[in-house]
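Beneath this line is the structure, given in C-alpha cells, with notes to follow.
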Amino acid sequence: MYILGLSCFYHDSAAALIFNGEIIAAAQEERFTRTKNDKTFPAYSIAYCLDEAGISMGDVSIIAFYEDTAISVPRLVKTMGWNLMSLPKIAFRIDEWARYRLRVEAIVGSRYPDFRGSFEVCGHHRSHAAAAFYPSPYEESAILTIDGVGDDLTASIAQGKGNEIEVLECMRFPSSVGLFYSAMTTFLGFKANSGEYKVMGLAPYGDWKRFYSKIRRCLINVDSNGELRIGSRYFSFRSDSSMYTKELVGVLGVAPREPDEPINKDHMDIAAAMQRVTEDIVETFAIKAKEVTGCTNLCMAGGVALNCVSNGKLQRKQIFNKIWVQPASGDSGSAIGCALDSFYRSSSLERKVLPEDSMKNSYLGPRYTDEEVHEFLNSVGAVFRVFEAEDELIQEVTRDIINGDVVGVFRDRMEFGPRALGSRSIIGDPRRQDTQTKMNLKIKFRESFRPFAPFVMKEHIDEWFEDVKEENKYMLFVAMLKESKRKIFNDDKDKPILERLSVQRSEVPAVTHLDYSARVQVVSEESNPFIHRLLMSFYRFTGVPILVNTSFNVRGEPIVCTPADAYQGLIMTNMDKLIIGKYYLARADQALPDEKVEELYEQRRLID
Amino acid sequence: MKNISRLLRWCCANIVLVLLLIVFYIAKRLSHEKARSGNWVKYEAYQAEIKERHESFKFVLSLMKFYYRIAGLKGKVRADKNRRVSDFRYEMF
C-alpha cells in the first residue's frame, strides 16, 4: 500500500512516499523550486516521489496531510491582530487560506484526477511524533515533540510501542519555547524559521550569565514540573510584522539588531542566555517525558529538536539511555510522519525495527545516473575528468584537500532534512586555520562566525570527541573535543568576532567552536561509503580522521538538488573543485560566467 | 471588463468573509474563552475540546465554500501536473 504524506502552506513544504511502512522517497519543495523554505503546494516533490517509485497517482491508496486545518485556522483567526488597520492584511490571509490551506483535499483532487484513494488528516504534533518514533531504532520509547506552534499545540509528550503511538500530554499555544526562540532570533536581526541555527552558532561567543536571570524572570520560565510561563507582554506572536513588543527592548535594555548591523557583545550575550534558557526548558520537558511514560529511550522531533547544542547536553545528562532525533525534525519531516501514522492506523502489518533506524541515512531524495550527468556536463561545455575507479578519485580529492582546496560533493541520493550529510556537501581540510573563513566568506557568502561541522570516521571517534554515540550520524548532537586535542587560548570576549575566530583552538580549528564544541557527524562504511573512504584516505595522509562538512548551497539558497545547481555553485563561487558522481571538475578549467551573470548572482545574495 | 468584475467579486467576497469571521470570532470569544496557561494538559481533554471545535468549524468551512463560489477563484499551483521530474532537471541551463 502506497501512502503519500504532504506538508505545505506554512513553511518547508515537502512530500514523502511510503510503501507498507518503508520510506521510499522524500523531498522538500525548496530544492526543486530553488526558493528557500518554499511553502507552496509540493507539486515537484510529489512528482519526484512518484517517479522514484515508478508509480502514478492512481497507485496511491492514501494521501495524508500533516496538520488539521480545522484546528490551526481558527487559532490563526483568533490570534491575528484584530483591529481596523490590520483588516486588509487579514483579508489577504483569509483569501490565502480559502484558496490553499483549507482546500488541500480539493487541490489534490483537481490536480490528480486519477487519485482514487482516501484523504486523511493527521494532527500536527502527532505527525511529528510519528516521524520521530516509527523510523526510530526503538521498539518502545517516550516521544517528545517541541516546536513553535502546530494546530493549537506547542509541545507534546507521547509514548510509542510497536505499531502504536499514544499522545499523553500536550502544551497549548501561546506557551511556546519555539516561538520564544524565533522571536528572540528576529530581535537579533535574523529571520524566524530559518535564522535560529545562526543564533545557536552565535551563542558560544557570549556570556550567558548577563541576561540569563532577566530572561527567566521576565520572558520565559519553567518550573521543575515542566510548567512553562511566557511573558506575553514582551512577545507579539499574533502580529505579522514583529514577534516582539517594545517592552522587550525596555526589559533587555538593548536595541533590536538590524539585519545588516554588525554583531556586538550585547547580541552575543543575549544569544548565549536564550540558548541556555532553551536548554534548561528542553531538559525539564525531557524529565517530564520520562516521568509520564516511564520509558528509557527518547525520540524527538519538532523544530526545537534541531537545536543540536540542546540535544547534545540532553544526551550527556543521561536522563534517557538512548536518544534518537528525526533528522528532518521540522515541518518537512511531518510529511513522513503523517504518512507513517496513516499506515500504522490502517494496517495490521508489524513494524520492522531496524537497529540503525529506518531513515535510510536520510538519503531519500533524487539521484542522477552517470549518463544524465555526462549529458548535462556536455550540454554546458563543462571541462571534466572521468574516474572510472573510485579509489583514484578519492586519492585525487584527498591530495587537493590537503593542498587547501575546497571541494563540492554531489553524489547519490539527496538528503532529506536541513543537513547535508555527504551527498550534497562542501568539504575541506579541518586542520587549516583559514578554512572556516574561506568557506564562509568566499563560498557560502555567510556570516563569518558560523562554525562548520565535522565528518568523523566512526572508528576514530573516541580518540577525538567525548561521549559521542553512534546515533550521531545525522549531525544532531553537539559533542565536546577531547582535552588532549585542545589548544589552550585566552578568549577575550570584548574583542571583535573576527579576531576571536583567528585564534587556533585545536588541531582541527575549522570545526572547533570557541567552547570546543563540534556538531559531529559520525560516518561509517554503512552510512556513506564514499565519504568514509575519503576520510580513511585523508587519515592515511594526515593522521586526522576528520573533514569539514557544510551544506552545498550559498547564503539564501536551498541546498543544491540537480547537477545544474551544483555546476552553478562551482562557477559562481570560489569553490575549487567539484565531484559529480564519477566526474571531477576544477573551477579553473571552466569557462567563467560573464560579468552580467555574476552581477545578477551577486544581487540574489544581497537580497538575502 | 471580465477582470474588473472578477476583482469586484473578489473584494466583495473578502469583505463579507471578514465581517462574518469577526462575528464568529467575537461570538467564540464571548462564549468559549478560557484562561490559558502554559500548563501541560491531558491529550484526552484537548481532543474533547477539539471535537467541539470541529463542529463549530464546519460553519467556517461552509462560509469558505460560499466565498469560494461567489469569488469564482481557483487555487493556483505552479507546476503542470503532467510534468515529471526528468523534465525540469536541467531547465536552469
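The values are calculated or read from the model by the stated rules, or taken from the named source; none is laboratory data. This is a predicted model, so every value here is computed, not measured. Glycine gets a Cβ as well: all are built from the backbone with ideal geometry, and neighbour counts include every protein chain shown. The protein model used for the area step is the full one, side chains on, heavy atoms only, and it has no ligands, DNA or RNA in it. Shrake-Rupley method; radii C 1.70, N 1.55, O 1.52, S 1.80 Å.
Let me understand region A:194-269 better: what is its radius of gyration from the alpha carbons, and its Dmax, in angstrom?
13.4, 41
Roughly how large is the B-A contact in terms of buried accessible area, totalled over both chains, probe 1.4 Å, nearest 100 Å²?
5300
Using a 1.4 angstrom probe on the protein heavy atoms only, line up A:Asp391, A:Asp266 by accessible area, largest first.
A:Asp391, A:Asp266
Helix-only mean residue ellipticity at 222 nm, chain A, DSSP H runs n ≥ 4 weighted -39,500 (n - 2.57), per residue, nearest 500. What is it?
-10500 deg cm²/dmol, from helical runs alone.
Please report the orientation-averaged projected area of the protein assembly as shown, defined via the convex hull of its C-alpha atoms, in nm².
30.1
Under the Cβ-under-4.7 Å rule, which cysteines of chain A stay unpaired?
A:Cys8, A:Cys49, A:Cys170, A:Cys218, A:Cys295, A:Cys299, A:Cys308, A:Cys561
Could you name the aspartates and glutamates in cross-link range of A:Lys360, using Cα to Cα under 14 Å and dropping any fewer than eight places away on the same chain?
Those aspartates and glutamates meeting the cut-off are A:Glu22, A:Asp412, A:Glu415, A:Glu471, A:Glu525, A:Glu526.
Give me the accessible area per residue for region A:208-356, probe 1.4 Å, as a whole number in Å².
42
How much accessible surface area, in Å² rounded to 10, belongs to the heavy atoms of A:Asp114 with a 1.4 Å probe?
60
Give me, ordered by chain and number, the residues 5 or more places off A:Val520 or on other chains with an amide H under 5 Å from its own placed amide H.
A:Phe477, A:Ala479
Using a probe of 1.4 angstrom, how much of the accessible area of chain A is carbon and sulfur, in percent?
Ligands and nucleic acids excluded, carbon and sulfur give 49 percent.
Quick check on my link table: of A:Lys438/A:Lys458; A:Lys322/A:Lys473; A:Lys209/A:Lys473; A:Lys444/A:Lys577, which ones sit more than 25 Å apart, alpha carbon to alpha carbon?
As for pairs spanning more than 25 Å Cα to Cα, those are A:Lys438/A:Lys458; A:Lys209/A:Lys473.
Could you tell me which helices of chain A pass both thresholds, a Cα extent of 24 Å or more along their own axis and a mean Kyte-Doolittle hydropathy of at least 0.5, with helices taken as whole DSSP H runs?
Helices passing the filter in chain A: none found.
What FRET efficiency do you get for A:Lys161 and A:Arg316 if R0 is 30 Å and r is their Cβ-Cβ distance, rounded to the nearest 0.05?
0.65
Computed over the Cα atoms, what is the radius of gyration of region A:378-509 divided by 2.2 N^0.38 Å, N being its residue count? Present the calculation step by step, with values, prior to reporting the outcome.
Details: Rg = 17.0 Å, N = 132, 2.2 N^0.38 = 14.1 Å.
In units of the 2.2 N^0.38 Å rule of thumb, it is 1.21.
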